[in-house]
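**Student:** Take this structure, written in C-alpha cells, and hold onto it; I'll ask about it next.
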Amino acid sequence: MPWHNEEAANSSLKSLLPSLPSAQMLLPSFCYTQQIETASMTSIAQRFLSTAAPYLPTTYNALATRYDNMPFRRAGRSGLLLPSIALGLWQNFGDADPIANSRSVLRRSFDLGITHFDLANNYGPPQGAAERTFGLIFNADFRSYRDEMVISTKAGYDMWPGPYGEWGSRKYLIASLDQSLIRMGLDYVDVFYSHRPDPETPLEETMGALDHIVRSGKALYVGISNYSPEQTRESSRILRALGTPCLLHQPRYNMFDRHVEGGLLEVLKEEGIGCIVFSPLAQGLLTERYLGGIPTDSRAGKAGRFLKPENVNEEALGRARQLAALAQRRGQTLAQLAVTWILRQPQITSVLIGASRATQIEELHAGLSYPQLTASELEEIENCLK
Ligand code: NDP
C-alpha cells in the first residue's frame, strides 16, 4: 500500500493494528498483516525486515550539522561516548500517542546530536508499544544511521503473565530481549539493562544472563538500573569476573531527588561505571510547565500513573518558582538550569530526558551552551532546596 504523502502514511499506520492482543504485545504493527501466530520468531523477524519498508516512506535525511553542538561524555571507564542529553521513550510513544509527533521528536533529537535512545520492554502504554513505535520509525528513517545510534532496552518490571514475565531470572531476561528485538526490528541493542534488582534471584544468575546476552551478540554492553550502592558493587564484581564489565547504571537524579549523592556516585566512580540519570526534570516539575496551573496536555494533566496532580503541590511549585527566578537571571529556563545542575557532576555521563514535543528537545539542547554554575549560584540552589 504505497502512500503519497507522509501525513497520510502516519495516520494510516495505527489503523493497521488489528485486535490481536498477544501478538500486539510482541510485534511491530505491520507484522499483523501476516499470518504471524504460527510463524517462528526468526521468520517473523525476517518477514518484518523484508516487508516493513513500503509502509512508511523514507524522506528523512539527518542534518549535516548534527554533531556541531553536542558534547559527548565517556561512559565510565569504557570506550563508549554518549551525548550529554539522551532521549527516553517511557512516555509519549504509546499506542494512543500520534505517531507523527513521536517521529518528529525522534528526528529532531537525532538532528541535534542526540544519538542515544532509551527504551524498555514495558514502555507504552500498553507494554511493548514504545518499542513497536520506535521500530516502525527506525525502520523508515534511521536504519541507514544504525551505526551512529546507541539504542538501549531493559527488562525487570511486569511484562507478561506468569512467573517468567518479570524480575531478574535468566529465563525472563533472555526471552524479554528476544521479544524487544523483534518489536524494534533490530539485530542487537547497544545496551541491555536489568531494570531493577530482584530480591529473590541470585545476583549471579541475573548477571550471568547479562553476560550471556552480550556473548550471544544480542547486546554490545550491559547495565543495571535502580540498584543500591551495595548491589551495584557486587554486580560490578560478578560482571567483571565474567568478562563483561558493567557499562552504565541508570538511577533517578534531579534537584528534588538526590539519593545518588548518598553513596551510589562514589561506587560508580570506583567501579568505573557510567551514570545516565532518569527523570532529570522530575517528570516536568523542574520546568515552567506547572507554574501557571496544570495544563490538560501535560503529564500530570493527563492524570497518568506516574505524575499525579497531587504531586504538583505548593512545596514543589514554591521551589520551582525560586529556581526559575535564578535561571532567568542566568538567561536560562528552569528546565535548562535543571540539566546544567546535573551535568556539574563529572561522574554523570548523560541526562536522560523525556519529551512530549520537539520544541522541548530544542530548548534543552540550547541550554547545553550556557556557562557552568558558579559557587554562589550552587549555594543559592542549595538554599532553595532546603
Ligand atoms: P523528565 O524528568 O525529563 O520528564 C520529561 C517530561 O518533562 C516531558 O514529558 C515533558 O512533560 C516535560 N518537559 C521536558 N522538557 C521540557 C521543557 N523543555 N519544558 C517544559 N517541560 C518539559 O524525564 P522522564 O521522567 O520522562 O524520564 C526520562 C527517561 O528516563 C524515560 O523516558 C526513560 O527512558 C527513563 N526512565 C527510566 C526509569 C528506570 O527505572 N530506569 C524510570 C523512569 C524513566 P509533558 O509531557 O507534560 O510535556
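Coordinate-derived values only; no laboratory data. Being a predicted model, the structure only gives us computed values, none of them experimental. Backbone-built Cβ (ideal geometry, glycine too); neighbour counts: all protein chains shown.
**Student:** Give the average over all directions of the projected area of the C-alpha convex hull of region 61-385, one decimal, in nm².
**Tutor:** It is 15.9 nm².
**Student:** Here's something else I'd like to know. Could you calculate the contour length gain from Q328 to E379, that is, 0.36 nm times the residue separation minus the distance between their Cα atoms, to one decimal place in nm?
**Tutor:** The span from Q328 to E379 would gain 16.7 nm if fully extended.
**Student:** Let me ask another. Relative contact order of region 61-385: what whole-number percent is it, with Cα pairs under 8 angstrom and at least 6 residues apart?
**Tutor:** Worked out over region 61-385, it gives 18 percent.
**Student:** Also, I was wondering about something else. Sort 212-221, 239-248, 128-137 by the packing proxy (mean of other Cβ within 10 Å over each peptide's residues), most packed first.
**Tutor:** 128-137, 239-248, 212-221
**Student:** Hey, which lysines would be in cross-link range of K302, C-alpha to C-alpha under 26 Å, not counting anything within fewer than 8 residues on its own chain?
**Tutor:** Result set, ordered by chain and number: K14, K154.
**Student:** How charged is the neighbourhood of S109? Take every other residue with its Cβ under 13 Å from the Cβ of S109, and add Lys/Arg as +1 and Asp/Glu as -1.
**Tutor:** Its environment carries a net charge of -1.
**Student:** Using 0.36 nm per residue, how much length does the chain from D297 to A100 gain when fully extended, once their Cα-Cα distance is taken away? Each step should come with its number before you reach the end.
**Tutor:** Numbers: separation 197, 0.36 × 197 = 70.92 nm, distance 1.65 nm.
The D297-A100 span can extend by a further 69.3 nm.
**Student:** Over region 81-183, what is the relative contact order in percent, taking alpha-carbon pairs closer than 8 angstrom and at least six residues apart?
**Tutor:** Worked out over region 81-183, it gives 26 percent.
**Student:** Same structure, new question: Explain nothing, just the number: dipole magnitude of region 121-215 about its Cα centre with +1 on each Lys and Arg Cβ and -1 on each Asp and Glu Cβ, in debye rounded to the nearest 20.
**Tutor:** 220 debye
**Student:** Express in nm, to one decimal, how much length is gained between T65 and E234 on full extension, taking 0.36 nm for each residue of separation and deducting their alpha carbon distance.
**Tutor:** Extra length available between T65 and E234 comes to 56.6 nm.
**Student:** Which whole-percent values make up P(r) of region 241-386 when all C-alpha to C-alpha distances are grouped in 10 Å steps starting at zero?
**Tutor:** The distribution over region 241-386 is 10, 39, 35, 12, 3, 0, given as percents.
**Student:** Now a separate question. Leaving out same-chain residues fewer than 8 places away, which aspartates and glutamates sit with a Cα under 18 Å from that of K171?
**Tutor:** Of all the aspartates and glutamates, those that pass the test against K171 - Cα under 18 Å, at least 8 places apart if same chain - are D158, D198, E200, E204, E205, D211.
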